[in-house]
Amino acid sequence: MAKLEELPAEAVQLEWDTPLFRTAQRQFEQAIPYADVNESIVERLRYPERAVVVTVPIRRDAGHVGVFPAYRVQHSSVLGPTKGGIRYDPHVTLGECAALAVWMTWKCALLRLPYGGAKGGVRCNPRELSPGELQRLTRRYTSELRGVIGPQEDIPAPDMATNEQTMAWIMDTYSMQVGYAVPEIVTGKPVALGGSLFRHEATGAGVVMVTERACRRLGWRLDEQSCVVQGFGNVGGIAANELAAKGAVVLAVSDISGGVYAPDGLNLADVRAWIADHGTLEGYPDARYVTNSELLELPCDILVLAALEDQITALNASRLDTKLVVEGANGPTSIEADAILAERGILVLPDVLTNAGGVTVSYFEWVQDLGRLFWTRDEIRARLADKLGDAFDRVWELADEKAISLRQAALVAGINEVAGALKARGIYP
Ligand code: GLU
């Protein structure tokens, strides 16, 4: 594991060394024996290239100034600019951003996008901030990162609790500072500003494209499967709709207030209408209320994890009642849970493959912005299906050939791309 040059063991406790970062690092170590990479390159890729900590002051609506810790971590710039989302969440830490940046590197490389991984965030409770406060927070955070982000350096995108409007504020702040419009500084922005058609749906739709392809390989029909979806935001909400549109039955969904379960299937249009009227799922009348942990253990064929990291752990992995776990979120399954699920014969479609639809359409958005030439929705959907299908097939075949898990195979495929490039470039100077 971590072995930074000539440091005593106690000094190896690095600033980003948190449980989630250790999960990312242990997954990396589990993939390395199957990758085509020498120890010098492995050692370089163990750590982020750059980790930035800033504090962001904003004037609160009440009149006083509030200060929020904020981060941006860039893991690898070997293949191109770094790329990854920005999240607003009370649990954001440097270590969480570092783990998520590492996963972004393997995700981009697996999809053969010319990017490395990054992730950033502000530690705040976005539900307690007004639209004006969120705008001031976003603009000041963007200013603080002015020296490290850029269309050829590091390109932010939406993540938890950030959206098209957040990206519009980032684009405007950056553009006002350089003096002209720079749409290619962020992806996931409104279409009116050079955003891409289909970006909003891309992650959730991509999750279902990968699930459908897996079903085909397994000899199952998607329209005969029952599904539980944890999370009803931009990933889970869209994935649930796409699953239902393809004939699968969605038994349960959840949001921050808990879950709702109907053994014969939910009416998703009704659920959506309830949320539009009430803000959350809480109180939805036509289903049984379940807690988040009950939801994860409901009997189903396919369990889609589209909420948070660290949801399936040694504590609940042995109680899952499903055939296939689909990782729409980043890092929802712990190392221990991975081993238990493998032992139980429950297949896991890993995050770096399964939720890569978002960053893939982000790449299409950046290319369109740089070329000032825009594609149709059908073109984008078809290109996304091609890219995800190609990556899925490479992962499936590698897993078969080396008798390893789909997660290991996805990481090996990503690591091999980065390692090949780093070997050719060499360590500077
Ligand atoms: N935050 C998303 C992810 O985790 C999207 C990143 C992007 O589009 O750059 O993949």
DSSP beta bridge pairing in the chain, given as percent antiparallel to the nearest 5 | 45 percent
Filter the trypsin sites (Lys or Arg not before Pro) in segment 133-209 to those in DSSP coil with at most 13 other Cβ atoms within 10 Å of their Cβ, and list the result.
-> ARG146
At 4 °C and 1.567 mPa s, what whole-number value in µm²/s does Stokes-Einstein give for the translational diffusion of segment 202-260, with Rh from the Kirkwood sum over Cα pairs?
-> 113 µm²/s
What whole-number value in cubic angstrom gives the convex hull volume per residue for the C-alpha atoms of segment 130-284?
-> 138 Å³
Any idea how far apart ASP286 and ASN125 come out in nm if each label point goes 7 Å out from Cα toward Cβ?
-> 3.3 nm
Ratio Rg/Rh, restricted to the chain and using Cα atoms, in which Rh is the Kirkwood radius = 0.95
Taking H placed 1.01 Å from N in the peptide plane, check which residues at least 5 places from VAL52 or on another chain put their amide H under 5 Å from its amide H.
-> ARG72, VAL73, GLN74
Write down, largest first, the equivalent ellipsoid semi-axes of segment 330-429 in whole Å, where each equals the square root of 5 times an eigenvalue of the alpha-carbon gyration tensor.
-> 29, 20, 13
Net +/- balance of residues flanking LEU305 in space, Cβ distance below 12 Å, scoring K and R +1, D and E -1 = -4
Convex hull per residue volume in Å³, alpha carbons only, for segment 207-316 = 100 Å³
How far is the Cα center of segment 367-386 from the Cα center of segment 274-329, in Å?
-> 33 Å
What helix-only [θ] at 222 nm does the chain give? Using -39500 (n - 2.57) per DSSP H run of at least 4, over all residues, to the nearest 500, the answer is -14000 deg cm²/dmol
Centroid-to-centroid separation of segment 410-424 and segment 127-194 [C-alpha atoms, Å] = 30 Å
The alpha-carbon center of segment 241-265 and that of segment 342-356 are separated, in whole Å, by 20 Å
Placed amide H near LEU347: partners under 5 Å, 5+ positions off or other chain = VAL325
Please provide three numbers in whole Å: the alpha-carbon extents of segment 41-168 along the principal axes, with the largest listed first.
-> 51, 25, 24
Phi-derived 3J(HN,Hα) across segment 136-153 with the Karplus relation (6.51, -1.76, 1.60, θ = phi - 60°), rounded Hz, x for Gly and Pro, is 5, 4, 5, 5, 6, 4, 4, 4, 5, 9, 3, x, 10, 9, x, x, 10, 10
Value in Å of the Kirkwood radius, where segment 94-209 supplies the Cα pairs that are averaged = 15.1 Å
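Where a number appears in this text, it was derived from the coordinates with a stated rule and is not lab data. Just so it is clear, the structure is predicted and the values come from calculations on it, not from any experiment. All Cβ positions, glycine included, derive from the backbone under ideal geometry; neighbour counts span all protein chains shown.
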